[in-house]
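What follows is a short report on a single structure.
Please treat every number below as a calculation from the coordinates, not as lab data. This is a predicted model, so every value here is computed, not measured. Ideal geometry is used to build each Cβ from the backbone, glycine not excepted, and the neighbour counts take in all protein chains shown.
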Amino acid sequence: MKGWDAQQIAIAAGADLLTAPTSAIGGPTSVTIDSREAGPGVLFVGLPGERAHGGAFAPHALAAGVWGVLTDHEHARQLDGGVVLAAEDPLRALQQLATAWRVELGGSSGLQVIGVTGSTGKTSTKDLLLAVLSPHRVTAASRANFNTEIGLPLELLRTPAGTELLILEMGMRGPGQIAELTAIALPDVAVIVSIGPVHLELLGSIEAIAAAKAELIAGLAPGATAVVPVDEALLTPHLRKDLNTVTFGTGGDVAVTSETDDRVEILASGTPISLTVDFTQAHLRRNLLAAVAAACAVGVTPEGNVALALSPGRGQHVQLAGGVTLLDDSYNANPMSMRAALDELAATARRAGGRRTIAVLGDMLELGPDAVSFHREIGAYAAARADILVSVGPLAAAISGGFPHEHHHAGDAGAAAALLPELVHDGDVVLVKASRGVHLELVCAALSATGRTGATA
C-alpha cells in the first residue's frame, strides 16, 4: 500500500481522516495491531480487546514514528500528530482495507486467491500448495494462526505488490465465520480438505460442521472453482451448478494412478502429472491431490520435486540421537487427525524395520458431550499401532480404557515431559499429539533436552 496516500487509505477502510500532516507522503509499508511492532512506515490499528482497547496504545505507536494510526473515534480524538484515522468499528475498517488491497492486486498483478479450510489437513494443504506453486508463480501463503477475522486481513495487507498467487488458510469456530473470511478475501478457488467431528461442542452435529465449512463455497463468485473430497456426501447439498467443482481422491477428478516411496503419479482431469516427494504419510499424499487440483484451477500444472516444508508441530519427522524418531504432531488434534497420525506412527516403525512405538496422546478439545467416547475409540485404534501409550490430560485418560498394552497417564504436559525421557529407548518411534491447549510441545522439548537432538527429516 506504499503508493496509497492517507486519503486513499481512509476511503478504502471506510474511515474518517482526522489528521494528515503534509509531511506524510505515500502510504504505509505494513500494518499491525501490535504496538510492539510500531515503527516507521507502519499503520497501527487499535482494536478492542478482552483486557484493553488497542487504541490506548496509539500514543505509544505515534511516538515510535509510525506512518499512522487507525482506531475508534474515542481514542482517535485524543491523538495529536501524525496520520490519524477513526472508524466506528476499527476491525471492520481493517477488513475493508484488506479487501481493497486484494482488489488492487487483482488488477495490478492479476492476483488469484486460494482459500483453504477443512476439519483437518488445511495447514498441510496450504504448505503443499506453496510447494507446488512457488516454482511457477510469485506465491505467498498465510502464516500459522493468521486464519481468523483479524489474522486473515493482516495476511492480505502484508502481501507485496506483484504477488500472483496467495494461499489463505481459513479457520472456523462457529457459523458465519468462514462466510466472513470469504467476503474479505474474495477467493478464486475454494479448497475444502475434509469434514470431521471438530468443534462439535460449538456446532452440535457433523452436518452443521459441513454447512459451516461450505460457507466458503457459498461465497464464491459464479465461475470460480470448488475443490472437494470425492467421497464427502455431507458437502453435496452445498455444491453449486454455477461453479467448476473438482473432486480429489480415489475415483475423483484428481487421483493417484501409482506411487512409490518417493514418487506419486497423478491423473488430474485427464492430465498426467508426475511428482517427486520426500514424504510417505497417507494423509499428506491425499492432501497433495487437493493441492494439485487447486494448482490446476489457477493455471499451474505441478511438476518435478515437491519441496514440502511443514508448519511447526504438524507431523515433522525429527531424528534424535540414539536412533529415536520423533513425530512432532503436537500443534492440534481431533479424531480424524489422531487416526492419521497413529497410522503414520505404525508405518514409520515398519519402514525402520519394526521398531518399538510410543504414542503420547493428549486431550482432544471441543468435541462436545461425546468427548469421552471419542477418546476411548482412539485408544482402541491405537491398540494395533502403538506398543506403549502415554495419555495426557483429563479427557485423554479415557484413551487408556481402549488400549490393552502398557500405558501411563500424566495429568498435564509438564508431568508428561518429566516422564517421557525415562520411557524412551534408543531406536523408538515416538508420536506426540494433542489439541493445542494441552501444550504437548513441552514433551517434544523435553525429549530434545535429553541430548537426543538431530536433524528434521
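Results, tabulated for the structure shown:
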{"read-out": "Residues with amide H under 5 Å from that of Thr245, placed H, sequence gap 5 or more", "value": "Ala226"}
{"read-out": "Share antiparallel - DSSP beta bridges, the chain, percent rounded to 5", "value": "25 percent"}
{"read-out": "Whole-number percent relative contact order across the chain, with pairs defined as alpha carbons under 8 Å at least 6 apart", "value": "11 percent"}
{"read-out": "Residue order, fewest to most beta carbons within 10 Å, for Val306, Val372, Val69", "value": "Val372, Val306, Val69"}
{"read-out": "Nearest-ten-degree value, helix 90-108 long axis tilted from longest Cα axis of the chain", "value": "90 degrees"}
{"read-out": "Ascending count of other beta-carbon atoms within 10 Å, so fewest first, for Asp426, Asp329, Asp253, Asp363", "value": "Asp426, Asp253, Asp363, Asp329"}
{"read-out": "Percentage relative contact order, the range 6-88, counting C-alpha pairs under 8 Å, at least six apart", "value": "32 percent"}
{"read-out": "Candidates per trypsin sites (Lys or Arg not before Pro) in the range 313-407, loop by DSSP, up to 16 other Cβ within 10 Å", "value": "Arg356"}
{"read-out": "Gain on full stretching of the segment that runs from Thr236 to Asp343 - 0.36 nm per residue minus C-alpha separation", "value": "35.7 nm"}
{"read-out": "Ser274, Ser194, Ser109 arranged by Cβ crowding within 10 Å, fewest neighbours leading", "value": "Ser274, Ser109, Ser194"}
{"read-out": "Computed FRET value (nearest 0.05) for Ala384 with Thr250, which takes r as the C-beta separation and R₀ as 25 Å", "value": "0.65"}
{"read-out": "The range 109-305 - share of DSSP beta bridges that are antiparallel (%, nearest 5)", "value": "30 percent"}
{"read-out": "Point-to-point label distance, Val372-Ala282, nm (Cα→Cβ direction, 7 Å offset)", "value": "3.0 nm"}
{"read-out": "Among 155-167, 208-220, the order from most to least packed when residues are scored by Cβ within 10 Å on average", "value": "208-220, 155-167"}
